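J.: Dumping the structure here so I can ask a few things about it.
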Amino acid sequence: MNFVNQTETVLSANKSVVRNNLAVTLTLLVLFVFQTTEACYHPKNGFMWNHEELVKKAKTILIAELENIEKKEGSTFYVLKPIEVLKGEAPKEIRFLSHSFLDDLSNDFNDHSDEKFWKEDIGRSDWPCCICGPDHAFTFGEKYLLFPGAFGAMKSAEAIHSDEDQWLTYVKKHIKPAYSTRGGEASTRE
């Protein structure tokens with residue numbers, strides 16, 4: 001009789017362990033499923049655009065500077081003021097929500113002359129997991145070449161430290177009309 005009681009106790013304990021393991025496994029599975037479903041379904045406009053596509057497809061391109069920083073519930077809102085419109089129509093201000101993962105990254109790739117900037121899909125900002133675009137940060141006193149409707153592009157908010165900056169020069173050159181009319185005939189421009 002003692003042996004039977006001991007066997008029943010062991011079986012009862014094993015059932016409890018199996019139930020606990022099953023509960024932990026199901027909990028982890030549920031957490032994994034919900035975590036993957038919270039990932040970015042729809043990246044910001046401009047995602048995967050190279051520098052040529054960015055300049056061509058962007059409706060608005062401008063130079064702006066930081067006007068204000070607003071901190072709310074662990075996030076940072078940067079308020080930027082347009083100072084020069086290169087293409088399209090500029091809003092009165094541009095508000096950019098940053099998740100405050102990083103401080104300002106003022107890397108300008110040596111006035112954007114570094115080949116790495118031109119060959120890779122990179123910019124001064126990182127793209128942290130699950131926020132659907134680069135997490136730009138801005139500082140007072142800097143100028144930025146912005147593509148407000150295409151903040152999903154890595155090159156959409158580059159720091160500009162001089163008028164000779166190669167990214168700025170490239171953008172200005174390529175937003176000009178593709179042709180001009182001379183004497184009634186169209187001629188292409190490079």
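The values are calculated or read from the model by the stated rules, or taken from the named source; none is laboratory data. Since we're looking at a predicted model, the values are computed, not measured. Because the Cβ atoms are built from the backbone with ideal geometry, glycine has one as well, and the counts that use them run over all protein chains shown.
J.: Checking the structure you have, find out if any residue of segment 121-140 is at pLDDT below 90, basic (Lys, Arg) and surrounded by 12 or more Cβ atoms within 10 Å (Cβ to Cβ).
T.: The answer is yes; a qualifying residue exists.
J.: I'd like to check something: does segment 107-118 contain any residue that is at pLDDT below 90 and within 20 Å of residue 87 (Cβ to Cβ)?
T.: Checking segment 107-118: at least one residue is at pLDDT below 90 and within 20 Å of residue 87 (Cβ to Cβ).
J.: Please specify each residue of segment 60-74 satisfying the condition of being farther than 20 Å from residue 143 by Cα and modelled with pLDDT of 80 or more.
T.: Result: 71, 72, 73.
J.: For residue 82, all conditions in the list (1) loosely packed, with under 13 Cβ neighbours inside 10 Å; (2) at pLDDT 95 or above hold save one; what is the number of the exception?
T.: Among (1) loosely packed, with under 13 Cβ neighbours inside 10 Å; (2) at pLDDT 95 or above, residue 82 violates only (1).
J.: Further question: Being modelled with pLDDT under 65 and not β-branched (Val, Ile, Thr) is true for just one of 180, 156, 162. Which residue is that?
T.: The match here is 180.
J.: Take segment 141-178 and flag every residue that is buried (at least 20 other Cβ atoms within 10 Å of the Cβ) and in a loop (DSSP other than H, G, I, E, B).
T.: 147, 151, 152, 153, 154, 155, 156, 165
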